[in-house]
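The values are calculated or read from the model by the stated rules, or taken from the named source; none is laboratory data. All figures in this text were calculated on a predicted structure; none of them were measured in a lab. Positions of Cβ are backbone-derived with ideal geometry, glycine not excepted, and every protein chain shown enters the neighbour counts. Protein only, heavy atoms only, side chains kept; ligands, DNA and RNA dropped before computing areas. Shrake-Rupley method; radii C 1.70, N 1.55, O 1.52, S 1.80 Å.
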Amino acid sequence: GLPAALPALPLELTVLYNFLLSTVGASDSAIRGEAEGLRQGLLRVLEACGACGQDLGTEELWEKVLQEATMAELQAPLHRLGGLQAAWWLAAGRLGSVAGLFQLLSTAEEPGRAHCSEGQNKLLSMIKAWQVPPEEASLPLVQSAENLKEILCTAAAFRQGLQELDAGNFPTAFSLLQEAARGFCSKEVLAQIYTCAGCCAQRMGKPQTALQHLKWALQVDFQCLSALSHAAAVYHELGETDVELQALTLLYEALRKSPPAAAPSSPCFLMRTELLVHTPVLSSLLRRHHPSEVKYLLAQRSLRDGRVANAANHYLDFLSLLQEGLQEQVPLDGSSGLPRIPEVFLEAASALEQAGSYQDAITVCEEVIRRTTALVPRVLQVEERPEQPKECSLPGAKVAGGHLSQKKESLCCLAWRAAGYLHQGWAWAKLGEHKEAVTQFSRCLSDLLRVQLPGSGVLPKESLWPEVEVLQKIRLLALIGRGTQFLEMQKHKEALLDFQHSLQISPGDPAAASYLVQALWKLNRKQEAAAEWKKLSQSSPGDDGRQQGQGRPLPLYLVSCVERAMFPHSDALARSIQDYLGAAAQDTSG
């Protein structure tokens, strides 16, 4: 409550500097609010100078204070408070305000001195050009202004590097992150900077540079597990599956262990780099994965690479995590790195089936069928895929969007249930239970009759919902699957009908066409079989596991079904037909 007096201001401002730093040291969140104490200190300076600035904004207030307070004894405490103000603004992302403040501080010291060379970062140049006031023995500081300057330089480079990374300016971002790595910070922050630089290099198409920086991050701080996660992603891009799986295994084991208590930085500072750099892009890059997400990645990568035994074990581990309340810890609605629960179950069934655990696969599929039965309507009327409007400001737009979302969800549930029956059909087929396999394939096809297309029932692929494309692929695979079982049961006419129907759904499909030839051959319709075989041999290679015409990859849980549907007897059938054609040619010439 005492009036401001010039002789006491250096001590008063130094006490304020120490108090604000202690506040930040006591609570990390203090830096995220307004520095009201700083403003009051500046108003006290103006009061002592006989001026007023109550109505001024903070930036204008600083400009007026530096104009009015020209006494030499006030320059050092004001510069120290300027460094603190820069820290507050830097934490709030107000980089322009920081640059303007250092412009004022430099001009107050020596007019015309503040500038930066072409190609240099303006903000960093200004901070580095700041002449830190010398410390006075009579006025001890809890943290030196020189140390504060180094932290500001590091934080400014780090924060700007993250901004450029988020904006897609990768070379500039990489240069700024390298600048930050050369700055003053704790081991934990240095590991974070290396991790961000590694991610930047990965996006620049420099995987080896990315791996080098991610390796440095782990060498500096092995608890920076996000670096290990990003390294696994780089190895995945490089196609180095063995090393990727090793990295994911290490990551999973590390995440399962409770993290050790973080060792305090030495020496311990009240204002630290990590307090000034907390942005959404940094949080995203350093996101700590739940162990279940990594376990799923291990399962998925193993399945894609054909390591079915390992994949089956990983999926079973993951399903056991579901029983432990995983959904309460990680959202399983597709917003995290995990797919929807039914898709995970179906992928697990695919892995189990390929690993020879057919009964387990059937059980897992039964769970999918049970959970989705109540969610599938009796009839699903599907129109052409709607175009996404740029703006939904029209009345009723939200209602229409909700209706489309509900239809999409119903199509997904139908696809999952139909895929469950499809996998059960193939599993029963492998067990030699052909009648049961036919039953499951028939249930799958019956389910798919719920979908009704407008008009003729045929839409161009570009007009189809992606979910409808998946349903059509399931229908094709179920018809081929049922046809193969009819062949095993010597019901060649029924098999022929299924293969003919398959070709109506997907004309030119090589698996369906090959089985059609075989069915005709077994029915002793050899001339027709030979004609179809000639047509097939002259066609270009067909389905490679992607949706024809769209290039969309199939869901992982359907890939094994596509492989099961491939025709296994091409060479033997070709020889038989060639022998038949050769004999027919001899008879004709004779």
Study note, to complete from the structure: (1) open to solvent by 50 Å² or more (accessible area, probe 1.4 Å); (2) at pLDDT 85 or above; (3) not basic (K, R) all hold for L404 apart from (2)
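Results for (1) over 22 Å from R159 (Cα atoms); (2) in contact (Cβ under 8 Å) with a residue 12 or more places away in the chain; (3) basic (K, R), shown as yes or no for each residue.
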| site | (1), (2), (3) |
| --- | --- |
| P7 | yes, no, no |
| E12 | yes, yes, no |
| E68 | yes, yes, no |
| Q85 | no, yes, no |
Check your understanding: When the residues of the stretch 438-456 are filtered to those that are in a loop (DSSP other than H, G, I, E, B) and within 35 Å of the chain's Cα centre (by Cα), which remaining residue is modelled with the highest pLDDT?
Key -> R450
Exercise for review: Would you mind finding the one in K435, K473 that is assigned to a helix (DSSP H, G or I), modelled with pLDDT under 95, of a type outside the set (A, V, I, L, M) and over 18 Å from V379 (Cα atoms)?
Suggested key: K473
Study note, to complete from the structure: Residue pairs within 6 Å by beta carbon, gap of at least six or interchain, first lying in the stretch 500-520 and more than 12 Å from A530 (Cα to Cα), second buried (at least 19 other Cβ atoms within 10 Å of the Cβ) and aromatic (F, W, Y), listed first then second, are A512/F499; Y515/F499
Exercise for review: Quick one: count up the residues across the stretch 502-523 that are open to solvent by 40 Å² or more (accessible area, probe 1.4 Å) and more than 18 Å from C561 (Cα to Cα).
Suggested key: 6
Check your understanding: If the Cβ limit is 6 Å and pairs must be 6+ apart or interchain, which residue in the stretch 91-106 that is on the phi > 0 side of the Ramachandran plot pairs with which residue that is in a loop (DSSP other than H, G, I, E, B) and charged (D, E, K, R)?
Key -> none
Study note, to complete from the structure: Residues of the stretch 294-316 being open to solvent by less than 10 Å² (accessible area, probe 1.4 Å) and either among the aliphatic types (A, V, I, L, M) or in contact (Cβ under 8 Å) with a residue 60 or more places away in the chain (or both), in sequence order, are V294, L298, A299, A311, A312
Review point. Do we find a residue being part of a helix (DSSP H, G or I) and either of a type in the set (D, E) or at pLDDT 70 or above (or both) anywhere in the stretch 380-387?
Key: no
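Listed residues T107, T58, T70, T14; which is within 46 Å of the chain's Cα centre (by Cα) and of a type in the set (S, T, Y)? First the steps, then the outcome.
Numbers: T107 fails: within 46 Å of the chain's Cα centre (by Cα); T70 fails: within 46 Å of the chain's Cα centre (by Cα); T14 fails: within 46 Å of the chain's Cα centre (by Cα).
One residue alone meets the criteria, T58.
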Exercise for review: Answer yes or no as to whether V234 is at pLDDT below 95, open to solvent by less than 10 Å² (accessible area, probe 1.4 Å) and in a helix (DSSP H, G or I).
Suggested key: no
Check your understanding: Are any of the residues in the stretch 47-63 touching a strand residue (DSSP E or B) at 6+ places or on another chain (Cβ under 9 Å), within 28 Å of N121 (Cβ to Cβ) and buried (at least 16 other Cβ atoms within 10 Å of the Cβ)?
Key -> no
Practice item. Considering only the stretch 118-231, give the helices (runs of 4 or more DSSP H) lying wholly within it that have at least 3 residues that are open to solvent by less than 10 Å² (accessible area, probe 1.4 Å) and free of Cβ contacts under 8 Å to residues at least 40 places away in the same chain. Key: 170-181, 187-203, 207-220
Review point. Going by the conditions given, is E135 within 37 Å of the chain's Cα centre (by Cα) and either at pLDDT below 80 or over 20 Å from F19 (Cβ atoms) (or both)?
Key: no
Exercise for review: Tell me, please, whether a residue that is of a type in the set (A, V, I, L, M, F, W, C), under 27 Å from R272 (Cα atoms) and part of a helix (DSSP H, G or I) can be found in the stretch 46-56.
Suggested key: no
Practice item. Out of the residues in the stretch 1-39 that are outside any helix (DSSP H, G or I), open to solvent by less than 70 Å² (accessible area, probe 1.4 Å) and touching a helix residue (DSSP H, G or I) at 6+ places or on another chain (Cβ under 8 Å), state the one that is modelled with the lowest pLDDT. Key: A4
